[in-house]
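The values are calculated or read from the model by the stated rules, or taken from the named source; none is laboratory data. No experiment lies behind these values; they were computed from the predicted model shown. Cβ atoms come from the backbone with ideal geometry, glycine included; neighbour counts cover every protein chain shown.
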Amino acid sequence: MKSGGETVLNGILPVIDDFERAMSAFGEVEDESAIKQGVTLIYNKFQDFLKQNGVKEIEAKEKDFDTDLHEAITKIPAPTEELKGKVVDVIQKGYLLNEKVIRFAKVVIGE
């Protein structure tokens, strides 16, 4: 019952990814204020919708690698000694629906 909307919510996650890519490209636009405000407003409303439906982002950056939450895409030399065996970069965010993984975080591990 708790994960009944998983299919619908899983289909929405790529939209969140697109919003984040668009927001990162704002620096390249000269008159960005109106566009930025509009997209940011939509993004925030969408994030609120996901939270209300039990969707939570998996925290990964600089956390210990956990196969229950993360999918390792590649390994690189750790930039610091503390980051060995930890997530150095997040390629794609992962999400939980009521504490169940609906998409693993795709990450880069330091070795």
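Which one is surrounded by the most Cβ atoms within 10 Å (Cβ to Cβ) among residues in segment 1-48 that are hydroxyl-bearing (Ser, Thr, Tyr) and in a helix (DSSP H, G or I)? Step through it out loud before you land on a result.
Residues of segment 1-48 hydroxyl-bearing (Ser, Thr, Tyr): 3, 7, 24, 33, 40, 43.
Narrowing the set further to residues that are in a helix (DSSP H, G or I) leaves 7, 24, 33, 40, 43.
Numbers: THR7: 9, SER24: 9, SER33: 9, THR40: 14, TYR43: 17.
The selected residue is TYR43.
Of everything in segment 17-75, what is among the hydroxyl-bearing types (Ser, Thr, Tyr), under 20 Å from LEU97 (Cα atoms) and within 16 Å of the chain's Cα centre (by Cα)? Give them in sequence order. Reasoning before the result, please.
Taking segment 17-75 first, the residues among the hydroxyl-bearing types (Ser, Thr, Tyr) are 24, 33, 40, 43, 67, 74.
Remaining after also requiring under 20 Å from LEU97 (Cα atoms): 43, 67.
Matches in segment 17-75: TYR43 only.
Kindly indicate the residue of segment 86-110 that is surrounded by 13 or more Cβ atoms within 10 Å (Cβ to Cβ) and part of a loop (DSSP other than H, G, I, E, B) and also modelled with the lowest pLDDT among those meeting that condition.
Across segment 86-110, the extreme among qualifying residues is ASN98.
Identify, from the list ASP48, ASP31, ASP17, the residue that is under 17 Å from LYS106 (Cβ atoms) and not polar (S, T, N, Q). Break it down stepwise before answering.
Working: ASP48 fails: under 17 Å from LYS106 (Cβ atoms); ASP31 fails: under 17 Å from LYS106 (Cβ atoms).
After applying the criteria, what remains is ASP17.
With respect to LYS51, is the statement that it is assigned to a helix (DSSP H, G or I) and of a type in the set (Lys, Arg) true?
Details: assigned to a helix (DSSP H, G or I): yes; of a type in the set (Lys, Arg): yes.
Yes, satisfied.
Suppose the filter is without any contact (Cβ under 8 Å) to a residue 12 or more places away in the chain, out of contact with any Pro (no Cβ under 8 Å at 6 or more places or on another chain) and closer than 29 Å to GLU111 by Cβ; does THR7 pass it? Please lay out each step first, then the result.
Values: without any contact (Cβ under 8 Å) to a residue 12 or more places away in the chain: yes; out of contact with any Pro (no Cβ under 8 Å at 6 or more places or on another chain): yes; closer than 29 Å to GLU111 by Cβ: no.
The answer is no for THR7.
In segment 55-85, what residues are closer than 26 Å to ASN44 by Cα, β-branched (Val, Ile, Thr) and either free of Cβ contacts under 8 Å to residues at least 40 places away in the same chain or not in a strand (DSSP E or B) (or both)? Lay out the reasoning, then the answer.
Residues of segment 55-85 closer than 26 Å to ASN44 by Cα: 55-63, 69-70.
Okay, now just the ones that are also β-branched (Val, Ile, Thr), so 55, 58.
Residue satisfying the conditions is ILE58 alone.
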